[in-house]
1. Output the number of residues of the range 361-400 satisfying the condition of being within 18 Å of the chain's Cα centre (by Cα), of a type in the set (S, T, N, Q) and surrounded by fewer than 23 Cβ atoms within 10 Å (Cβ to Cβ).
2. Please go through the range 491-537 and give me each residue that is outside any strand (DSSP E or B) and touching a residue at least 12 places away in the same chain (Cβ under 8 Å), ordered by number.
3. Does GLY91 satisfy the condition of being closer than 20 Å to TYR364 by Cβ, more than 16 Å from the ligand (Cβ to nearest atom) and over 23 Å from the mean Cα position of the chain (by Cα)?
4. So which residues in the range 37-75 are of a type in the set (Ser, Thr, Tyr) and either more than 18 Å from GLY27 (Cβ to Cβ) or in contact (Cβ under 8 Å) with a residue 40 or more places away in the chain (or both)?
5. Could you check how many residues of the range 106-117 are surrounded by fewer than 21 Cβ atoms within 10 Å (Cβ to Cβ) and either touching a residue at least 12 places away in the same chain (Cβ under 8 Å) or not in a helix (DSSP H, G or I) (or both)?
6. Among all residue pairs at least 6 apart or on different chains, which show Cβ distances below 8 Å where the first residue, located in the range 143-157, is closer than 19 Å to PHE210 by Cα and the second is among the aromatic types (Phe, Trp, Tyr) and within 13 Å of the ligand (Cβ to nearest atom)?
7. Could you list all residues from the range 94-136 that are within 16 Å of the ligand (Cβ to nearest atom) and of a type in the set (Asp, Glu)?
8. Kindly state which helices (runs of 4 or more DSSP H) lie completely within the range 321-428 and contain at least 1 residues that are among the β-branched types (Val, Ile, Thr) and out of contact with any Pro (no Cβ under 9 Å at 6 or more places or on another chain).
Amino acid sequence: MMQTFKNKTVYQIYPKSFFDTTGNGIGDIQGIKAKLPYLQTLGVDILWLTPIYVSPQRDNGYDIADYKQIDPLFGTMADFEALLNDVNARGMQLIMDMVVNHTSTDHAWFQDALAKGPESPYYDFYIWRDSVNGAAPTNWQSKFGGSAWEYVPHLQQYYLHLFDVTQADLNWENPKLRAAIYEMMRFWMEKGIAGFRLDVVNLLSKDQAFPNDTLATPMADGRKFYTDGPRIHEHLQEMHTEVFAHYPDAFTVGEMSSTTIEHCQRYTNPDNHELLMTFNFHHLKVDYPNGEKWAIAPFDFQQLKKLFYDWQLGMQAGNGWNALFWCNHDQPRAISRFGDDQKYPYESATMLALAIHGMQGTPYIYQGEELGMTNAYYTSIDQYRDVEALNAYQNLQQKGYTSEEALAILQVKSRDNSRTPMQWNTTKNAGFTSGTPWIPVIANYETINAETVLQQPQSIFSFYQQLLQLRKQSQAISEGSFQAVVADHPTVYGYIRATPTEKLVVLCNFYGQESDVILPDFEIGEVIVNNYVEFEHTRQACKLQPYQAVLIRVNEAV
Ligand code: GLC
């Protein structure tokens, strides 16, 4: 039986920066509703909203203070229900972002624990430990910098926070906590959402011995003691039984921090009853020299290709399923990072699009990607908003970088690069708000905006439309097998998608120079997708222009 989700595409909305209807400078639920026709025109199937629950917004909503209420910043529950109705009426679906590794310290559970200590029924919902030799229980590092433990003097214990100090990790060892989470997830499923994107869900299970790390390498920050931890598969199977199994078509995608292919095979193999698919981030670390995010380096193309091949082939072999993406609210814009947003914006954006959308898995588009939105290129620290970027700015200077050098690093690595307001038109603030946007609009909105792009007969937007339609029409794209081709090519990423009756080849030139490709085993047939007008080829060889990408039908060479 055909699994219907395989021909669908997901569109990620960052509500805060999508469209503001109230003039307070912050996007809202009504704003998403107003733009549904635009999303329908694009042709996406599933909308993923990043968190809109009540939150102090220290980490833009990933610090949830009330799981069952909409933050007034974004609107009301009635607004949400109206949005959901409209999404469904238009033949689309909606998934919520669910953060169950931690809550905000403003959450009533944590506040009760703080007030009453071990007497509180919620104390054991969090992870508390005594000090060891007068210091923090372990040397684990917070992913946003500094120790992962915070001391609470009146309780004389530390609590764990793998992220910000206001994001306290939940104790998944406690069955009562787990039951409360499942009940809350069913509450949302009952409203009629299609499912969840599960935030950092492979961090739920911590090694209960709480060992110290060696700190010998940049990666030795404690993560091996909680990444894909001891009971993680058990927890996800229980979540499946308690929540997803009640909703047969539930859509679930797990965000997997620093994971492995073996674990992702287990997370997504349908026989294991855990999740439908997983995000991994290895391909987005190919410009982290020695694993260091806060540094400037060109991306390592051979490593990128190897990672794509390994994950595509590995997940296929394990009967797993990948979520495919370049961009999200935590990543700089791909066009600025892997393409050329100055000289070849159309060519490089469309090449990157085909590279992802042709692979085996479910593609995700992040708002603005379909317009070719670029990095923010902010020039002053005052323009940054993200807690991670602000911490990094301080930390870099403590390490001896000048403020200019630190800013230059933020310009290429900050998460704020993708959190800038959606560029709708050429009016003030790119048509995002009539007020003052919470984060500055990028100056290039006068040329890069939805209204302008939609008028162009051939645009990045129309290229995405074509890819989304193709996924609906071609079984080789939605369900075909994956195989590498020209794997050793220095500048081209190539692969084959095939069913017993059809063979397609995707070739993507990742550089601003021409590249020659020879296909020893195939004869080039019909050109199905091409981001140039021409495609220069003979029977078995072709020349790709700067950032040219093609999807072609091939026949076995005789
Ligand atoms: C995920 C989110 C990110 C957030 C973090 C902590 O990685 O995508 O935005 O900061 O989890 O919840």
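1. 1
2. Correct list: THR491, PHE510, TYR511, GLY512, GLN513, GLU514, LEU519, PRO520, ASP521, ASN531, TYR532, PHE535.
3. Numbers: closer than 20 Å to TYR364 by Cβ: yes; more than 16 Å from the ligand (Cβ to nearest atom): yes; over 23 Å from the mean Cα position of the chain (by Cα): yes.
Yes, satisfied.
4. TYR38, THR41, THR50, SER55, TYR62, TYR67
5. Filtering the range 106-117 for residues surrounded by fewer than 21 Cβ atoms within 10 Å (Cβ to Cβ) gives 106, 108, 111-112, 114-117.
Checking the rest, the ones that are also either touching a residue at least 12 places away in the same chain (Cβ under 8 Å) or not in a helix (DSSP H, G or I) (or both) come to 106, 108, 114, 117.
Final tally of qualifying residues: 4.
6. Listed pairs, sorted by first residue: LYS143/PHE163.
7. From the range 94-136, those within 16 Å of the ligand (Cβ to nearest atom) are 95-107, 110, 126-127; that's our starting set.
Selection gives ASP97, ASP106.
8. The qualifying helices (runs of 4 or more DSSP H) are 345-357, 387-398, 403-413.
The values are calculated or read from the model by the stated rules, or taken from the named source; none is laboratory data. Computed from a prediction, not measured in an experiment: that's the story for all the values here. Every residue, glycine as well, gets a Cβ built from its backbone with ideal geometry; the counts of neighbours run over all protein chains shown.
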